[in-house]
Amino acid sequence: MTHDEILQAASMPAFCPSYPRGPYRFIRREYLIVTYETDPAILRAALPEPLEPAPGNLAYYEWMKMPDSSGFGDYEESGTGIHATYQGEPCSFSVQMYLDDEPPITAGREIWGFPKKYGVPRLKVTKDTLTGTLHYDDERVAMGTMTYKHRSLEGRLDEVARGIERLQVNLKLIPDVDGAPKVAQLVGYNLEDVTVHGAWEGEARLHFIPHVNCRVADLPVRRVVSGRHQVVDFTLPFGRVLHDYLPTRGGGAAADRALPVDAFA
């Protein structure tokens with residue numbers, strides 16, 4: 001394998017890549033999103049600087065079903081996020097994510113710094129209830145339920161799309177060969193080419209079971225604020241560095257801010 005061939009590889013292993021080069025398109029991606037108020041001290045501890053909590057101490061737990069995603073296939077995912085701000089701009093910060101498919105786990109961690117681990121999330125309609133569950137090591141650690149299509153947002157789909165397009169942020173951490181930090185960045189991205197097929201609001205409930213290796217319960221539910229069900233298409237583009245925690249690597253946060261995050265460019 002030549003030097004140029006190595007640099008042309010989309011991902012590891014170079015002989016049989018885990019995923020192709022992006023960007024990546026998702027068709028009819030279905031969500032259950034439960035937004036809730038949590039403990040402000042725990043929320044602050046989970047949110048890396050320079051991000052700041054948004055008003056209300058709001059976190060969210062979401063389930064996602066991806067039946068058609070380019071390069072990744074058909075899989076499901078769930079995880080926790082926090083409503084935050086970056087330099088005054090509203091954003092969503094991903095705290096932890098669990099999914100059942102290796103290519104999006106690998107690509108998500110290596111390119112954008114998504115906090116992904118293997119788990120078994122499931123989203124389905126059970127009779128009159130939209131139901132999400134997460135199992136980790138054969139134990140159920142989360143369940144969310146929502147009334148099924150009680151209040152349509154048909155007249156507000158543009159507003160839903162704008163919410164999907166807003167800034168989203170991950171903390172990307174990659175060690176060097178000696179175990180010391182090699183990459184420590186806040187990575188930002190905005191979803192593109194968004195089409196909303198449908199969206200609904202309704203009553204929702206959320207229940208967590210503490211688990212030492214799947215810590216969704218560590219952001220406790222104080223009060224459920226809202227439930228959202230939506231079906232959308234979008235493109236996940238490459239990201240950009242918002243903040244570099246290792247400025248001595250060459251230029252610091254200001255120099256890196258506009259650089260694309262493509263580990264294999």
The condition of being among the aliphatic types (A, V, I, L, M) and part of a strand (DSSP E or B) holds, among Val160, Val177, Val183, only for Val183
Among the candidates Gly108, Gly71, Gly79, which residue alone is touching a residue at least 40 places away in the same chain (Cβ under 8 Å), closer than 18 Å to Leu236 by Cα, open to solvent by less than 50 Å² (accessible area, probe 1.4 Å) and not in a strand (DSSP E or B)?
-> Gly71
Considering only the stretch 176-215, state which residues are polar (S, T, N, Q) and surrounded by fewer than 19 Cβ atoms within 10 Å (Cβ to Cβ).
-> Asn190, Thr195, Asn213
List the pairs whose first member sits in the stretch 216-228 and is open to solvent by 70 Å² or more (accessible area, probe 1.4 Å), whose second member is at pLDDT 95 or above and part of a loop (DSSP other than H, G, I, E, B), and whose Cβ atoms are under 7 Å apart, counting only residues at least 6 apart or on separate chains?
-> Arg222/Thr38; Arg222/Asp39
Might you let me know whether the stretch 191-202 holds any residue that is more than 23 Å from Pro67 (Cβ to Cβ) and of a type in the set (Gly, Ala, Ser)?
-> no
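Would you point out the residue of the stretch 86-112, among those that are of a type in the set (S, T, N, Q) and out of contact with any Pro (no Cβ under 6 Å at 6 or more places or on another chain), that is nearest to Tyr60 (Cα to Cα)?
Ser92
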Criterion: in a loop (DSSP other than H, G, I, E, B), open to solvent by less than 20 Å² (accessible area, probe 1.4 Å), within 19 Å of Leu99 (Cα to Cα) and of a type outside the set (S, T, N, Q) - qualifying residue of Tyr19, Tyr61 = Tyr19
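The values are calculated or read from the model by the stated rules, or taken from the named source; none is laboratory data. Only a predicted model underlies this, so the values are computations on that prediction, with no experimental measurement involved. Note that each Cβ is placed from the backbone with ideal geometry, even for glycine, and that neighbours are counted across all protein chains shown. Only protein heavy atoms, including side chains, enter the accessible area calculation; ligands, DNA and RNA are left aside. Shrake-Rupley method; radii C 1.70, N 1.55, O 1.52, S 1.80 Å.
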